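Can you read through this structure? Questions will come right after.
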Amino acid sequence: MKIEDKTDESSAQGFMFGLVILGPAAGKLKYTLLDKQDITLLQNHLLEAYVEIDRNGQGAQVFAFAYDVKKGKESGRYVHEILWEKYYGGIAPGFKVVHKNGITVDNRVENLMLCPKNISHYQCAGQKNPEDSLYWAAVVEMPHEAEPLYMKLFTAQEELSLMKEERYFECHYPPCTKMEQRPQEFSICGLCQVTRYCSSACQTRDWTWHKPICNQRPRPIFIESYPDR
């Protein structure tokens with residue numbers, strides 16, 4: 001967990017928030033952005049990254065998932081729902097909580113809003129440049145050693161098992177949250193043949209992060225699979 005001073009969507013001074021590591025999901029190490037006071041709220045919870053596959057064929061999304069350590073994982077809920085109920089009460093029938101800037105792990109309260117369930121998250125959030133977001137600015141400042149240090153917690157066999165479970169990949173450049181719309185559609189690193197990118201620009205910018213682990217990662221065999229329709 002790393003606490004930084006941040007302010008609005010593009011500046012980096014005057015507003016306290018916490019950037020919390022969720023763990024591996026969608027082929028990369030994921031984080032969630034929280035208001036500082038909400039880190040205390042969740043201090044008795046374990047936080048994980050959860051990949052939710054859209055059954056209508058619109059890809060997948062990564063959310064922050066939290067559960068009480070004493071009650072077990074079955075008691076868990078999405079962090080954005082927990083925070084909405086804390087500050088605004090229950091979620092109105094027929095509505096869901098979405099993220100205004102379209103970044104589903106940016107769980108600052110000011111980034112949450114209600115949206116009718118019959119409207120997609122993308123329609124509610126609108127089109128915004130992720131590079132202008134506070135989440136992007138925060139993740140870019142994370143130390144380059146974060147992912148290789150985290151991956152050392154797993155054996156090669158354990159990491160291989162994790163990757164085999166992935167059906168959709170997110171662009172590996174840490175601040176980028178673009179997700180594949182169909183399994184394994186992104187371009188792949190030619191050296192390790194594991195990490196995936198939404199564009200050559202993201203691949204170039206990611207090299208500083210990716211280089212320490214590029215030749216150390218196991219190479220899984222991917223089997224093309226699609227969500228149930």
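The values are calculated or read from the model by the stated rules, or taken from the named source; none is laboratory data. None of the values given here were measured: they were computed from a predicted structure. Methodologically, a virtual Cβ is constructed for each residue, glycine included, from the backbone with ideal geometry; neighbour enumeration extends over all protein chains shown. In case anyone asks, the SASA skips ligands and DNA or RNA and just uses the protein heavy atoms, side chains included. Shrake-Rupley method; radii C 1.70, N 1.55, O 1.52, S 1.80 Å.
Need pairs with beta-carbon distance below 6 Å; first residue within 14 Å of H210 (Cα to Cα) and within region 175-191, second open to solvent by less than 20 Å² (accessible area, probe 1.4 Å) and part of a loop (DSSP other than H, G, I, E, B); sequence gap 6+ or separate chains.
These pairs meet every condition: C189/T195.
Within region 31-67, how many residues turn out to be in contact with a helix residue (DSSP H, G or I) (Cβ under 9 Å, 6 or more places away or on another chain) and open to solvent by less than 20 Å² (accessible area, probe 1.4 Å)?
Residues in region 31-67 being in contact with a helix residue (DSSP H, G or I) (Cβ under 9 Å, 6 or more places away or on another chain) and open to solvent by less than 20 Å² (accessible area, probe 1.4 Å): 10 in total.
Would you be able to tell me the number of residues in region 207-229 that are open to solvent by less than 90 Å² (accessible area, probe 1.4 Å) and either at pLDDT 80 or above or under 24 Å from V140 (Cβ atoms) (or both)?
The number of residues fulfilling the criteria is 7.
Hey, L160 hits all of (1) in a loop (DSSP other than H, G, I, E, B); (2) of a type outside the set (S, T, N, Q); (3) at pLDDT below 90 but one; which does it fall short on?
L160 satisfies all of (1) in a loop (DSSP other than H, G, I, E, B); (2) of a type outside the set (S, T, N, Q); (3) at pLDDT below 90 except (1).
Please work out if T204 is buried (at least 21 other Cβ atoms within 10 Å of the Cβ), of a type in the set (V, I, T), modelled with pLDDT of 65 or more and farther than 20 Å from L33 by Cα. Step through it out loud before you land on a result.
Working: buried (at least 21 other Cβ atoms within 10 Å of the Cβ): no; of a type in the set (V, I, T): yes; modelled with pLDDT of 65 or more: yes; farther than 20 Å from L33 by Cα: yes.
In short, no.
Take the residues in region 83-97 that are under 19 Å from the mean Cα position of the chain (by Cα) and open to solvent by less than 40 Å² (accessible area, probe 1.4 Å), then tell me which one is nearest to G18 (Cα to Cα).
Within region 83-97, the subset under 19 Å from the mean Cα position of the chain (by Cα) is 83-84, 96-97.
Still in the list and also open to solvent by less than 40 Å² (accessible area, probe 1.4 Å): 83-84, 97.
On the way: L83: 14, W84: 17, V97: 21 Å.
Per the criteria, the residue is L83.
Suppose we keep only residues that are open to solvent by 80 Å² or more (accessible area, probe 1.4 Å) and of a type outside the set (S, T, N, Q) within region 119-141. Which one would you say is modelled with the lowest pLDDT?
Restricting to residues being open to solvent by 80 Å² or more (accessible area, probe 1.4 Å) and of a type outside the set (S, T, N, Q), the top hit is Y122.
Only one of K70, K100 is more than 19 Å from E131 (Cα to Cα) and either in contact (Cβ under 8 Å) with a residue 40 or more places away in the chain or open to solvent by 30 Å² or more (accessible area, probe 1.4 Å) (or both); which? Before the answer, list the steps.
Values: K100 fails: more than 19 Å from E131 (Cα to Cα).
That would be K70, the only listed residue that is more than 19 Å from E131 (Cα to Cα) and either in contact (Cβ under 8 Å) with a residue 40 or more places away in the chain or open to solvent by 30 Å² or more (accessible area, probe 1.4 Å) (or both).
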